[in-house]
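Please read the structure below before turning to the comments.
The values are calculated or read from the model by the stated rules, or taken from the named source; none is laboratory data. As the structure is a prediction and not an experimental result, all values here were calculated from the model. We place every Cβ from the backbone using ideal geometry, glycine too, and count neighbours over all the protein chains shown. With ligands, DNA and RNA removed, areas are computed over all heavy atoms of the protein, side chains included. Shrake-Rupley method; radii C 1.70, N 1.55, O 1.52, S 1.80 Å.
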Amino acid sequence: MSSILNADLHCHSVVSDGTLTPEELAARAAANGVELWALTDHDEVGGQHRAAAAARANGIRYLTGTEISVTFANETVHIVGLGFDPDDAAMTQGLYDTRGGRGKRAQEMSEGLARVGIHGAYDGALKFVGNPELISRTHFARFLVEQGHCRDTSEVFRKYLTEGKPGYVPHRWASLKDAVQWITAAKGMAVIAHPGRYKFTANEEYALFLEFKAHGGQAIEVVTGSHTTAEYVEYADKALEFDFAASRGSDFHSPDESHCDLGKLPPLPGALTPVWELLSHRIQQ
């Protein structure tokens, strides 16, 4: 398979913080010309069998996926897993434990918002949640937009849900080592999601890439919805420097909120090794 394959290996359904079902995403991906697809819900594999069946029904090849939240250098980093066994017991348990901290964190976020006059945020956010175990800042943001506190979810994050703002509560996630090893032990490949998004110094980013590789991580997202054109080039160079394969994914959450629609990204730069070449034996036809 060539590097110009229309692969979209990063998106979210109602099983985590997206607004479409796995079946709706598969149909949208097919309509947009996606040839290889992965559903990567946050810290959750509960939608995988539905997504694989929907991909088959729409004539798209499929890779299993998830996006695991980890803490590295006091920053939340996301590690995408691709091509793993979705029924692997150790991975399923690890993800369940990672999700466990979300409920308490959500209650504390609601209390912080109440202190600045925004009441009922926890119950309000729950209305937008497909899976209560995965209540997140995105669900709170949708509630605040619905209530007229902000024009869109980006404004909510800026005013209320980032560090130093009233609704921000940090959460300690899985370790980088745990996340990579869950994925690789389940026969999958670990990928650093949207590396351009993290607020790391050059030294911290270098440390992340080295430690990720030492634990068995093999790839980074180069072309993704939140990267700029300059970042495509920057992370293509980093992939070559660290001998990483390259992934491509829109990070699509919702028709109303996402920077980029499913399947609408530019192709990977040609000098890179696409993740799908290394995962060809894990692709479901």
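Summary of values
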{"read-out": "Translational diffusion of segment 1-122, µm² s⁻¹ [Kirkwood Rh, Cα pairs; Stokes-Einstein; 4 °C; 1.567 mPa s]", "value": "82 µm²/s"}
{"read-out": "Backbone N under 17 Å from the S226 label point (7 Å along Cα→Cβ), restricted to segment 101-142", "value": "136-142"}
{"read-out": "Distance between segment 177-238 and segment 72-133 - C-alpha centres, whole angstrom", "value": "21 Å"}
{"read-out": "Radius 11 Å from Cβ of F209, net charge of other residues (Lys, Arg +1; Asp, Glu -1)", "value": "-3"}
{"read-out": "Radius 11 Å from Cβ of L279, net charge of other residues (Lys, Arg +1; Asp, Glu -1)", "value": "+2"}
{"read-out": "The chain, relative contact order in percent, only Cα pairs under 8 angstrom and at least six apart counted", "value": "23 percent"}
{"read-out": "Net dipole in debye of segment 102-159 [+1 Lys, Arg Cβ; -1 Asp, Glu Cβ; about Cα centre; nearest 20]", "value": "160 debye"}
{"read-out": "Rounded Å value of the spacing that divides the Cα centres of segment 1-43 and segment 250-285", "value": "8 Å"}
{"read-out": "Value at 222 nm in deg cm²/dmol, rounded to 500, when DSSP H runs of n ≥ 4 in the chain each add -39,500 (n - 2.57)", "value": "-10500 deg cm²/dmol"}
{"read-out": "Set K159/K213; K187/K213; K199/K238; K104/K177 screened for pairs whose C-alpha atoms are more than 27 Å apart", "value": "K159/K213"}
{"read-out": "Among beta bridges that DSSP assigns inside the chain, antiparallel share in %, nearest 5", "value": "45 percent"}
{"read-out": "Rule-of-thumb Rg ratio for segment 102-159 [Cα; 2.2 N^0.38 Å; N residues]", "value": "1.00"}
{"read-out": "Tail weight of P(r) past 23 Å, computed on alpha-carbon pairs of the chain, percent", "value": "52 percent"}
{"read-out": "Å² per residue, accessible surface of segment 236-285 at 1.4 Å", "value": "47 Å²"}
{"read-out": "Net charge, K199 excluded, C-beta distance under 12 Å - Lys, Arg +1, Asp, Glu -1", "value": "-3"}
